[in-house]
Each structure stands twice: as C-alpha cells, then as structure tokens.
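Here is the structure we will look at, set down as structure tokens.
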Number of protein chains: 2
Amino acid sequence: MDKCRQNIVVLEPSKIIYEGIYASISKSEYNYSFYHVDSLIELETILIKKDITIVLINPSLIQNKIKEFIKIQKQYSKIRWIGIIYSLFDNSTTKLFDNLFMLTDDVTRIAKIITKACSKISTLDKNDEQLSEREIIVLKHLAKGLSNKIIADKLNLSVHTINTHRKNIMDKTGIRSLAGLTIYAVSIGIISLD
Amino acid sequence: MDKCRQNIVVLEPSKIIYEGIYASISKSEYNYSFYHVDSLIELETILIKKDITIVLINPSLIQNKIKEFIKIQKQYSKIRWIGIIYSLFDNSTTKLFDNLFMLTDDVTRIAKIITKACSKISTLDKNDEQLSEREIIVLKHLAKGLSNKIIADKLNLSVHTINTHRKNIMDKTGIRSLAGLTIYAVSIGIISLD
DNA sequence: CAAATCATCACTAGTTTTAGTGATAAATAC
DNA sequence: GTATTTATCACTAAAACTAGTGATGATTTG
C-alpha cells in the first residue's frame, strides 16, 4: 500500500524515546524515514538537507526559542508539527502544534496521528519573556552552582555583566531564588541531573 | 564477557518508552530478555513465572500502591529496582529504588546503570553519609529557595541551627553549592513541583 | 553503660548575592 | 530610520551565605 516516502524528524532529547517511536511507528506498513535531532539548530540543518514532511517535537526543546521556532514554521509551511507530551503538566507551547500525542497513548493512536498528519495551520502565540542566548548561557552556569565571579572569568566578562544577566533572568522568569532557577534550568533541559 | 541471561521487566504505561528502552539496551553485548507490563498485578504475575533480576519502574504506576510495592520488594529481595524518571516534577517515590535514570539521560549511561545493577549487589552508596531527618527537612526547604532565616522561622529554630544543618548537609554530600544541593534534592526525590 | 550521633544554639570574619539606578554601543525589529 | 532589545560595564548598601570553632542536652546504638 503505498505512497511516497515520508521523512520524519524527531526533535527530542531522549534517545530512548526516539528509539521507541522509531520502533513503534516503523512497524506500520508505511514507508517512513526517521531522523533524530535534539536541538533546533540541528533541526534547521536537516530541514535544509532533506525534504521533511513531519516533525515530532518535544516542546521543552523550543521553550525558550519560540520566536526561532515560529520562524522555522513559517519558512516550512508544508510541514506538519506534532508535539510529544510527556505528562499533563506541560500545557504551555501546545498551541504551536498541528497535533499532539502523549507518550502513554496507545501506539496505534500515535501511528494514526502521524499517518493523518493533516489539519490546521498553527496559531502563533508570542512569549515575549523568553531568555536571550546570553542569558541562557549564564543560567546554565548558575545552575551548575558557579558563582558570578567564576562565570565572569569563564566568559571573559565582568562580574557586573553577569550580575545584570542574572537580574534579567530573574525578572523575566519571575523566579527569585537560585534553587528555583536551577530547577527551571533542568526542567527546560539546558543542564542534566549529573 | 557474558554472563547468564538477565531477565528484565519494564513496568511502564508507555509502549513507546518500553520499545525505546528495549531497542537501546538490547543492543549491548549482554544477554537480556525483556518483558513489558503496565500494572503492579501484571508485575507480580511475571515475577512468579520468571526468574527476574531487574525491574525498571515508572514511579507513577506505584504511586498509590506503595505498601503493595514494598511488600513485593521484600518478597523478591534479590531484584534490583530501577526508577524511570520522566521529568523532575515527578512525584517522589524515588527513594524506593536502587537506582534511577532519566529518559533524557544518555543511552550509554542508562545501559551502564543496568549492567551495574546486574553485576553489583548495591550500586548505591545509600548508607555512606545518610542525611538525618532534620537535615532532609532543611534540604527540602533550601531546595525550594528559602533563605536560612525563613527556614528558621518556619521550623521555629534559630538561624544558627539552620546554618549548622546546612553545613552538615554540605559536608555529608560533598556538594558545596545551593544549585548542586537543589539538583541533589530533586534527584533523590524529596521535592516536587510545588 | 559508654560512645556516637543528632538537634540545638553562638560568635566571628570574610565573601557573595540581591536590589536598586544608570549608561553605552550594537544589533534587530517595525 | 527610529524604537526596542541585547550585551556590556559601573557603583552602592543591605542582606545572606561560608567556613571556621565550640558547646550542651537528648537520643540511639552496640
């Protein structure tokens, strides 16, 4: 039964989950090619190289890059964007996707969603409080427990600059404690548990 | 290098994740057999039938059945219990496990955890420098971002006491930054989203 | 029972962070 | 082509944390 080849990219930090999706979906009778990436940049690279039709996305990976993501969406308007939901808590960016599935969904349902992969155009919702690139870097170091001074040394900046970034991060996120920022950093996937 | 066959049960609602773990781990040179179950009852059934050595568990599936779970653990004392963590906000029954991995962890790390669990009796240094009850409470508050002073107020203690606990926690864990302690707190499951 | 650990409190001195305000050049956006 | 955002640097005062040392009573453990 079969159509032209479908190229599917999975943007997802967990190799386990990628492998699981691959194993589950590629069993179907359709003709899919799978690619695994774990950053927006990698995604862009592959979008240029390959003729991708479907992108499965873990929303946490675009949490701070909504603008870039929307840009990419506009640029590749034919692509269907499908969100991979870990659990019920992450409600935030779901509006950006054409469709969603949960990891706990039945495999046949997920397969159906992917094969369908049709429907509406996504609506944009701007999050004007996203962290800048520099702020992300500083946050990463903060969450590793480095002091302002050490971060300054590492980045060849003055402590004042780090201080400013730190303040801006706190203002943007509304999180006023280092502990909270650390958890935030881990939760959006910019540092790992180790 | 190859030992006897290891029978691994994965207690996990998501087929995707089971498939992912299976695909990732069964590539290693060890000799594994995998079984997928998605309820405690099914787990018990298979424990009776097969000689299981390792159980990978999604903690959410035992959340309301801790007692039953502990009973099973006692009954099958040779088994290594490994938690599968979706995100940091998962509910914290994590202390029940011999080891944990996050879905976003590197596959080689996960494989290592599992192979370790096969070979060693106890991979965890649980008893080395265990925190006291009081220290756990203080750590919990610290990881929520509360200052010494506020914690002191909450617990009706002096700031000095909190300070002492804090120092002792740092000495015991060897972690000297608040960010590190926060991650530690999350990783051992003593704080959650609230 | 004796030894070890725990929970509590105290003081000091030095370091770091927080919370303001303010500024400038460069890049981006509308 | 102006307005906004970003990245950078600066200063200050107050608050908080770090790293020592030391002590006492209670509880647990062998």
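The values are calculated or read from the model by the stated rules, or taken from the named source; none is laboratory data. Since this is a predicted model, take the numbers as computed values, not measurements. Ideal geometry is used to build each Cβ from the backbone, glycine not excepted, and the neighbour counts take in all protein chains shown. In case anyone asks, the SASA skips ligands and DNA or RNA and just uses the protein heavy atoms, side chains included. Shrake-Rupley method; radii C 1.70, N 1.55, O 1.52, S 1.80 Å.
Couple of notes before you dig in:
- A:N168 vs. criteria open to solvent by 50 Å² or more (accessible area, probe 1.4 Å) and without any contact (Cβ under 8 Å) to a residue 40 or more places away in the chain: yes
- Selection from segment B:15-51 of residues that are closer than 17 Å to B:K116 by Cβ, away from chain A (no Cβ under 11 Å) and of a type outside the set (D, E, K, R): B:S28, B:Y30, B:N31, B:Y32
- Matching residues in segment B:1-36 - criterion: being basic (K, R) and at pLDDT 85 or above: B:K15
- Residue selection: B:S147 satisfies the criterion of being surrounded by fewer than 16 Cβ atoms within 10 Å (Cβ to Cβ), within 12 Å of DNA strand C (Cβ to nearest atom), facing another protein chain (nearest Cβ under 9 Å) and at pLDDT 90 or above.
- Per-region count, segment B:150-194, residues on the phi < 0 side of the Ramachandran plot and either more than 14 Å from chain A (Cβ to nearest Cβ) or outside any helix (DSSP H, G or I) (or both): 26
- Residue ranges of strands (runs of 3 or more DSSP E) in segment A:52-144 with at least 3 members modelled with pLDDT of 75 or more and open to solvent by 20 Å² or more (accessible area, probe 1.4 Å): A:99-102
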